[in-house]
1. Quick check on my filter: what residues within region 48-60 are part of a helix (DSSP H, G or I) and either more than 18 Å from residue 95 (Cβ to Cβ) or not assigned by TED's automatic domain parsing to the domain that holds residue 14 (or both)?
2. Go through region 69-105 and count every residue that is more than 23 Å from residue 159 (Cβ to Cβ) and within 13 Å of the chain's Cα centre (by Cα).
3. Name the single residue, out of those in region 40-58 being within 15 Å of residue 124 (Cβ to Cβ) and surrounded by 14 or more Cβ atoms within 10 Å (Cβ to Cβ), that is modelled with the lowest pLDDT.
4. For region 105-132, which residues satisfy the criterion of being surrounded by fewer than 22 Cβ atoms within 10 Å (Cβ to Cβ) and in a helix (DSSP H, G or I)?
5. Would you confirm, using the coordinates I've provided, whether residue 135 is modelled with pLDDT of 90 or more, crowded, with 16+ Cβ neighbours inside 10 Å and outside the structural domain of residue 30 (by TED's automatic domain parsing)?
């Protein structure tokens, strides 16, 4: 399978790498070192295909505060449990947060709080599948891509600032 990618640069986070398999978005990478590791595993071609162009445009609208949800075909690959978690993440409203325990309860596994955290960490579609909206039960920011809570904080702050001004809903 040939993968293609495009790069969106946000003022808040810097370069964001968007990867497509030609049919759907399969990966969003926020961190340069993780991007380099991904490139070593799978060769990719830089592209401005219509799908990638649309993804970059929608990211731009999101960071400008004009988009609450994304209208892109997505393809994820995980366990049945992970996919349940990712679907639940997609239902968290823009500008709002829920706890890991809330997600565990929602998917019918109330004691699987740590497993929900691991599924969040395995999410390859950051921002679009909004794992940044999941926080600790004590309302503290915890667990974003390991120790990168600053990125979670920036995304939540962006949504808080723009939550009343968004124009595009899908």
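The values are calculated or read from the model by the stated rules, or taken from the named source; none is laboratory data. These numbers were taken from a predicted model, which means no experiment stands behind them. All Cβ positions, glycine included, derive from the backbone under ideal geometry; neighbour counts span all protein chains shown.
1. Listed by number, the residues that qualify are 50, 51, 52, 53, 54, 55, 56, 57, 60.
2. The total comes to 1.
3. In this case the residue turns out to be 44.
4. Matches in region 105-132: 105, 106, 113, 114, 115, 117, 118, 121.
5. no
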